[in-house]
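FYI, it's all coordinate maths here, none of it is from the lab. Bear in mind the structure is a predicted one, so any value in this text is a computation, not a measurement. Cβ: placed from backbone, ideal geometry, glycine included. Neighbour counts: every protein chain shown.
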Amino acid sequence: MYASMKEMLLHAHKNNYAVMAINCVNMEQAKAIIQSAEEERSAVIINISPRQMKAHGHGDILAPMIRNMAEKVSVPVAFNLDHGTAMEDIVKAMQYGFSSVMIDASGCDFEENVRRTALVASLAHSQGRSCEAELGHVGLASQSDNDKVDLFTNVAQAKEFVEKTGCDCLAVAIGTAHGKYPEGFVPKLDFERLRELKEELKMPLVLHGGSGAGEENIRRVVACGINKINVCTDLFRHATNTAIQVLEKTPSIDYMDLCIEIQNAMKDFIKSYMRVIGSSGRYGFEKPEGQDLD
Ligand code: 13P
């Protein structure tokens, strides 16, 4: 079913697990994500950023396709604008039919972040969509430094932020970053801060930069209260590596068969990630009559 993030994340919050939010730019990825969710009986969130939409996965094309696929399965599937910074992109995503939007004003000062987030949250809610926001700032993995904690989310500020904005879930900065970390670098995460944030806010919390953080860190953030984990880089890499391996082995492979091989490899990655973060087996599996995704 096509759903907003709100209910699925409240379920994850109440039952102490996390839902994957996976960046997706084409049909093969959308199929891999939705089929994985259905087979694992898990909720899932499909993310796309304004940059990805402009470069390849146009929102006006993806939104109806994802909605169509989501309506054929019994598990909840959300389509969320990832890192909406410009109002124009956020409004367009709503017009295209996204079920959820993220307003990322984490680069602004606190008051401006509150102002922009409150506006987007009320707009989203008036249309039955959910709204994610970010406080503190999750940076780039290539610039990661385990001593750089000045942009981590402040607990007292977070409480005021949520009260003033009405956002449905909050992305917190606790040490992860977007993209690929330098070779051998393992981010040091502030679990104590995360526990305090959960205790204070009692709401769904989001971790950006789910790639390269290490399985032990991922298990621990879920135990400490993260309910949505954004993953892009690792899945894209896995898809590319699969393409390289398949082409090396079978250079004459038909294009469609290559797409199917990549789709299946992405499914293996997604399903095992879902098991690690505890979202597998949380929903029923009654497929609507006569519907099939294959
Ligand atoms: P990664 O590319 O590090 O997985 O981050 C994804 C993300 O946080 C998208 O918002």
Expressed as a whole number of Å, what is the distance separating the alpha-carbon centroids of region 44-109 and region 150-211? 21
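Please give me, ordered by residue number, the GluC sites (Glu not before Pro) of region 167-272 that lie in loop per DSSP and have at most 14 other Cβ atoms within 10 Å. Present the calculation step by step, with values, prior to reporting the outcome.
Values: sites: Glu183, Glu192, Glu196, Glu199, Glu200, Glu215, Glu216, Glu248, Glu261; in loops: Glu183.
Sites meeting the loop and neighbour criteria: Glu183.
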Taking placed amide H atoms and a strict 5 Å upper bound, the residues 5 or more places from Ile46 or on another chain that come that close are Ile22, Ala78, Phe79, Asn80
Here the FRET efficiency for Gln143 versus Ala223, based on Cβ atoms and R0 = 35 Å and rounded to 0.05, is 0.80
Taking the Cα centre of each part, how many Å lie between region 126-142 and region 263-284? 23
